[in-house]
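> First the structure, which I've put down as structure tokens, then a few questions once you've had a look.
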Amino acid sequence: MSNSDAAVNFYLDAYGYVSDHGFFREIEWAEHLPLLEQQDAETFFEEYVWCVLNAGMKEQIARKIYERFAVARDPLTIGHLGKRAAVQQALMEYPTWFKGLLAAEDRLAYLESLPWIGPITKYHLARNIGIDCVKPDRHLVRLAARFGYSSPDAMCRAIQAEMGGRLGAIDVVLWRYCNLTGEYEGQSKLVVEE
């Protein structure tokens, strides 16, 4: 079996698992996300905050913090001082940041210039605001190595060549599967709900 076949088979299994465990809407969201040019500054701000809060943190924990912030729209609901400062700055500057992003020649480089957005987080934010890309997080890096690809992008493009769809949606399926099951490097901490 080729690397591509193995990756596609893994993707198909992951897609089924993620869909069956209540995350089909997340896949649909990623597949039908409006392009950046169709987004607005408010959506950009919400996704910026989401990605900042997720940086280096388990998604399930970041979600609770984000939900508190979304209700109050108060950076004081964010315990991490660096992330709080980034969100406070964003509250004042996000319309200008969004205009700058739309005008930027290298949009990924522009995103990385924002507070608390680093070389991996820029892909998370880019994907969430309609730039079709792959976030090279630890799960996808391990999967790419497992299937013999030089990068998560190369792996997801190989899957895309066989299956179609957006890179960002392929990324979401693979990431969510690993997040739910603990699967990476061929080891699984599969949790089966009955």
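Just so it is clear, none of the values below were taken in a lab; they were calculated from the coordinates. Just so you know, these numbers come straight off a predicted model, no measurement behind them. Using ideal geometry, Cβ is built from the backbone for each residue, glycine included, and neighbour counts are taken over all protein chains shown.
> Rounded to the nearest 500, what is the 222 nm mean residue ellipticity of the chain from helices alone, with -39500 (n - 2.57) per DSSP H run of 4+ residues and division by all residues? Present the calculation step by step, with values, prior to reporting the outcome.
On the way: 10 runs with 125 residues, N = 194.
It comes out at -20000 deg cm²/dmol, rounded to the nearest 500.
> Mind listing the phi-derived Karplus ³J(HN,Hα) values for segment 87-103, rounded to whole Hz, using 6.51, -1.76 and 1.60 with θ = phi - 60°, and x for any glycine or proline?
5, 4, 5, 4, 4, 8, 10, 4, x, 5, 4, 5, 4, x, 4, 4, 8
> If amide hydrogens are placed 1.01 Å from N in the peptide plane, which non-local residues have theirs closer than 5 Å to the one on I131?
Under 5 Å from the amide H of I131: L36.
> Continuing with the same structure: Please list, in order along segment 130-144, the HN-Hα scalar couplings obtained from phi with the Karplus expression 6.51 cos²θ - 1.76 cosθ + 1.60 (θ = phi - 60°), rounded to whole Hz, x for Gly and Pro.
x, 8, 6, 8, 10, 7, x, 7, 4, 5, 6, 4, 5, 5, 4
> Next question, about the same structure. Semi-axes of the equivalent ellipsoid of segment 36-128: what are they in whole Å, largest first, if each equals the square root of 5 times a C-alpha gyration tensor eigenvalue?
Working: eigenvalues 87, 39, 28 Å².
Value: 21, 14, 12 Å, ordered largest first.
> Which whole-Hz couplings ³J(HN,Hα) result when phi for each residue of segment 54-69 is put into the Karplus expression 6.51 cos²θ - 1.76 cosθ + 1.60, θ = phi - 60°, listed in order with x for Gly and Pro?
6, 4, x, 10, 5, 4, 5, 6, 4, 4, 5, 5, 4, 4, 4, 5
> Might you report the magnitude of the Cβ-based charge dipole of the chain about its Cα centre, with Lys and Arg at +1 and Asp and Glu at -1, to the nearest 20 debye?
640
> What is the log10 of I(q)/I(0) for segment 133-180, computed with the Debye formula using one identical point scatterer on each Cα and no solvent, at q = 0.13, 0.21 Å⁻¹?
-0.22, -0.60
> If you take the alpha carbon radius of gyration of the chain and divide it by 2.2 N^0.38 Å, what ratio comes out, to two decimals?
The reported ratio for this selection is 1.05.
> Just to confirm the number: angle between the C-alpha axis of helix 3-18 and the first principal axis of the chain, 0 to 90 degrees, nearest 10?
So the helix axis and the longest Cα principal axis differ by about 60 degrees.
> Order these peptides, 100-111, 127-138, by their mean beta-carbon neighbour count within 10 angstrom, highest first.
Packing order, densest peptide first, comes out as 127-138, 100-111.
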